[in-house]
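Visitor: My questions will all concern the structure given below.
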Amino acid sequence: MLNRRLLRTKAVQALYARQLTADANRLLALDQIEEAFAPDLNSMEFQDKKKLSGMKRLANMTLDELIKNGKPNDDEELPARVLNVARSAFEAYSRQTNTDGEKLVRRVLNETETIYVDFIRILSMLIELAHQAKIDRERRYEDPEAPFPKDSGLDTNRVIKVLQGDKALEEEIIRSGINWSDEMNLIRKIYREALRKDETYETYCKSAAHTPEEDQEMIQHVLRQIILKHEISLDYLEQRDLYWADHAELIRSLAIKTLRTADDAHTFQLAPLTKDWEEDRAFVEELCKIVIRESDQYDVYLEDQLKNWELERIALVDLIILKTALAELIHFPGIPVKVTINEFIEIAKRYSTPKSGKFVNGVLDVLSVKLAKEGVIRKSGRGLIDNK
């Protein structure tokens, strides 16, 4: 079932991508300023290039002040034209960055929902492999160079028969748009080069009758060792999902759990992706909104904590992980401090530098204690649990 670490990871991914697009939008805003102060070659009036260049520099600095502080530097009186151009560029920057941010959050949430589609795809792949086994067993003439036992096969497996007869699974396959008609070569290749060459499956096919336990053991073997491990099927799954490395363990867990219920049609049940997708979706959206809204304040907390560091020196992904952790620590009172810190340490270990786990741990450990004493972090309910 979908866990909160994956949701936290999705929030970090969306915020990281948003920052990259913000950097790109800043460059576009600078281009807008440059165009505004470019000499007009069609004008008959004198073009003071030195003055225009100076105004451009002022507008660039003002843009960065607006991006950082939301207002221009009060210590400097700016020409009206410079201020107007900088504000116009800033408005375009802000508008596009906000639009990009919303799109990126929707994208990572859509990616999360595709986990369930991939899970259904794997169940469908088992059914298709069983169909290939049936065709193979019904072939009248055996290949003398590659004889294969036909006393039974994947198509005779009890679990497969339950999958084939389940209407809910059939509807999910249709709803997910899964159709193997254009990819039968892949299914045949997996059957010939992976399943038929598997010693465990060959031994299984030598017996005409199997116990329910043997059928379950066989189907779990095909799932784990063929579909999720063999290079042919694994390459296919990785190409379909850019985040397969993140999603694979959850998909594997959903498939194993579902197949274990398939010994009998009356007990079969598709494992749900989550208990409450709307709640999970809201968690990611809220986490991202808070980080964006409170980013400047989190910079203050971090600058105070990292007095010997400049925030620009911190790896971008580490900075985003720290800010996302702060958002959860401060704004989600029902989540214990240690849970939050441990989760983001693991995310840092997986997605950032080798030393990032220790770095994030050190910063959050000290900062969480300090902010709790200051009353910034206030926990309630389950959040009061101390996970020392």
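Visitor: So Leu109 ticks every box in (1) part of a helix (DSSP H, G or I); (2) free of Cβ contacts under 8 Å to residues at least 12 places away in the same chain but one. Which box is left unticked?
Guide: Checking Leu109 against (1) part of a helix (DSSP H, G or I); (2) free of Cβ contacts under 8 Å to residues at least 12 places away in the same chain, the one that fails is (2).
Visitor: Another one. If you go through region 150-200, how many residues are part of a loop (DSSP other than H, G, I, E, B), basic (Lys, Arg) and either in contact (Cβ under 8 Å) with a residue 12 or more places away in the chain or closer than 17 Å to Gln216 by Cα (or both)?
Guide: Summing the residues that are part of a loop (DSSP other than H, G, I, E, B), basic (Lys, Arg) and either in contact (Cβ under 8 Å) with a residue 12 or more places away in the chain or closer than 17 Å to Gln216 by Cα (or both) in region 150-200 gives 2.
Visitor: Now for a separate question. Using the structure shown, decide if Leu367 is at negative phi, in contact with a Ser or Thr (Cβ under 7 Å, 6 or more places away or on another chain), surrounded by 20 or more Cβ atoms within 10 Å (Cβ to Cβ) and of a type outside the set (Gly, Ala, Ser).
Guide: So Leu367 fails the test.
Visitor: What number of residues within region 164-182 are at pLDDT below 95 and crowded, with 17+ Cβ neighbours inside 10 Å?
Guide: 0
Visitor: Kindly indicate whether Val222 is in contact (Cβ under 8 Å) with a residue 12 or more places away in the chain, in a helix (DSSP H, G or I) and under 15 Å from the mean Cα position of the chain (by Cα).
Guide: Spelling it out, it is not the case that Val222 is in contact (Cβ under 8 Å) with a residue 12 or more places away in the chain, in a helix (DSSP H, G or I) and under 15 Å from the mean Cα position of the chain (by Cα).
Visitor: Among the residues of region 44-77, write down those that are buried (at least 17 other Cβ atoms within 10 Å of the Cβ) and part of a loop (DSSP other than H, G, I, E, B).
Guide: Pro72 - this is the single residue of region 44-77 that is buried (at least 17 other Cβ atoms within 10 Å of the Cβ) and part of a loop (DSSP other than H, G, I, E, B).
Visitor: Quick one: Thr258 ticks every box in (1) among the polar types (S, T, N, Q); (2) surrounded by fewer than 18 Cβ atoms within 10 Å (Cβ to Cβ); (3) touching a residue at least 60 places away in the same chain (Cβ under 8 Å) bar one, so which box is it?
Guide: Here Thr258 meets the rest and fails (2).
Visitor: Give region 351-363 a look and list any residue that's free of Cβ contacts under 8 Å to residues at least 60 places away in the same chain and under 20 Å from the mean Cα position of the chain (by Cα), or say none.
Guide: Ser352, Thr353, Ser356, Gly357
Visitor: Kindly check whether there is at least one residue in region 305-318 that is within 17 Å of Val12 (Cα to Cα), surrounded by fewer than 17 Cβ atoms within 10 Å (Cβ to Cβ) and in contact with a Lys or Arg (Cβ under 7 Å, 6 or more places away or on another chain).
Guide: Looking for residues that are within 17 Å of Val12 (Cα to Cα), surrounded by fewer than 17 Cβ atoms within 10 Å (Cβ to Cβ) and in contact with a Lys or Arg (Cβ under 7 Å, 6 or more places away or on another chain), one finds none in region 305-318, hence no.
Visitor: Say we look at region 78-97 and pick out the residues that are within 34 Å of the chain's Cα centre (by Cα) and surrounded by fewer than 14 Cβ atoms within 10 Å (Cβ to Cβ); which of these is farthest from Gln32 (Cα to Cα)?
Guide: Arg95
Visitor: Now for a different question. Does Leu228 satisfy the condition of being closer than 25 Å to His247 by Cβ and in contact (Cβ under 8 Å) with a residue 12 or more places away in the chain? So that I can check it myself, show each step before the final result.
Guide: Working: closer than 25 Å to His247 by Cβ: yes; in contact (Cβ under 8 Å) with a residue 12 or more places away in the chain: yes.
In short, yes.
Visitor: Which residue is farthest from Ala271 (Cα to Cα), if the candidates are limited to region 132-149 and must be in a helix (DSSP H, G or I) and without any contact (Cβ under 8 Å) to a residue 40 or more places away in the chain?
Guide: Out of the qualifying residues, it is Glu138.
Visitor: Return the residue satisfying two criteria in turn: it lies in region 229-244 and is among the hydroxyl-bearing types (Ser, Thr, Tyr) and more than 15 Å from Tyr116 (Cα to Cα), and of such residues it is surrounded by the fewest Cβ atoms within 10 Å (Cβ to Cβ).
Guide: The extreme case among them is Tyr236.
Visitor: Also, quick follow-up: Return yes when Ala245 is in a helix (DSSP H, G or I), of a type in the set (A, V, I, L, M), touching a His at 6+ places or on another chain (Cβ under 6 Å) and over 22 Å from Asp264 (Cα atoms) and no when it is not.
Guide: no
The values are calculated or read from the model by the stated rules, or taken from the named source; none is laboratory data. Predicted, not measured: the structure shown is a model, and the values here were computed from it. So basically every Cβ, Gly included, is an ideal-geometry build from the backbone, and we count neighbours across all protein chains shown.
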